[in-house]
1. Just report the Cα centroid separation between segment 1-78 and segment 117-143, whole Å.
2. Hey, if you put +1 on the Cβ of every Lys and Arg and -1 on every Asp and Glu Cβ in the chain, which of 213, 22, 97 ends up farthest toward the positive end of that dipole?
3. Using a 7 Å offset from the Cα along the Cα-to-Cβ direction at both residue 185 and residue 26, what is the distance between the two label points in nm, to one decimal?
4. According to the square roots a ≥ b ≥ c of the eigenvalues of the Cα gyration tensor, what is the shape class of segment 12-116, taking rounded for a/c under 1.5, prolate for a/b larger than b/c otherwise, and oblate for the remainder?
5. Over the residues of the chain, compute the C-alpha Rg and express it relative to 2.2 N^0.38 Å.
6. Can you tell me how much longer the chain between residue 130 and residue 163 gets when fully stretched, taken as 0.36 nm per residue apart minus their C-alpha distance, in nm with one decimal?
7. Give me the aspartates and glutamates in straight-line cross-link reach of residue 24: C-alpha distance below 18 Å, same-chain residues under 8 apart excluded.
8. Note down the magnitude of the dipole of the chain about its Cα centre, charges +1 on Lys and Arg C-beta and -1 on Asp and Glu C-beta and zero elsewhere, to the nearest 20 debye.
Amino acid sequence: MKIAIMGAMPEEIAPILQKIGSYKTIDYAGNRYYEATYKNSELVIAYSKIGKVFSTLTATTMIEHFGAEILLFSGVAGAISPELKVSDLIVATKLAQHDLDITAFGHPYGYVPEGSVFVAADKELLELSKRVASSMKKSIKEGVIATGDQFVANEERKNWIGSIFGADALEMEGASVAVVCNALNVPFFILRSISDAADMDASFSFDEFLLTSANESAEFVMKMVDELVNKNI
Ligand code: SAH
């Protein structure tokens, strides 16, 4: 089984590369991919660059070019739910694109014909994450993640996204990765650690907590990888 581990920014995959230690580097389609053998399983690791288009390209490349059969995303996000504080972990049960808008034609936000507002994450990976969380004695929240090509640093916009999509957190890549994996029948798991509250202080909070939150998420994702590799599914 070949596992893809993806982030959006270098900081999000750095702890993963550090843990793996040795890897091969391949430059392809404007990105750098890292391939490694880890406990007898194959990994492909990359950060996509920020946003839906770059993350679509990277997820597609990992699957179609590198042959990934399962995809785990690790990164940071802004909190919508007041329950979520900096460094808390949230795993997406389903994801939507909050900036996709053809409502002028009577469609709901996040919807285009032949698509769907939400894409659901893989149930088995969600179950596995619960077992991993309890073995690490960590609490992780399951919730809806909304994705768009905007860094949200505005209470009003954040509350709007929360109310329209029932979203608990927001970021800039999850839903596009979800669309790719869903279309190509690849089970996926999107994990985020909170870096900010998507409010007027968001950019300062993001800068302060990016590294620690990215590490939190990466550590959890590597525990997921360990479980997957041990089971050899
Ligand atoms: N500081 C970076 C830009 C970060 S953009 C630079 O200057 O290059 C924010 C990144 O973190 C995106 O990859 C997104 O997925 C996630 N993120 C964290 N908080 C967010 C927020 N409040 N709104 C949108 N995305 C957020």
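Each value in this text was obtained by applying a stated rule to the coordinates, not by laboratory testing. Here the structure is a predicted model, which means the values were calculated and not measured. FYI the Cβ positions are ideal-geometry reconstructions off the backbone, even for glycines, and counts take in every protein chain you see.
1. 20
2. The listed residue farthest towards the positive side: 22.
3. According to this spin-label approximation, the distance is 2.2 nm.
4. In terms of gyration-tensor shape, oblate.
5. The value comes to 0.95.
6. 9.2 nm
7. The qualifying aspartates and glutamates are 35, 42.
8. Approximately 720 debye in magnitude.
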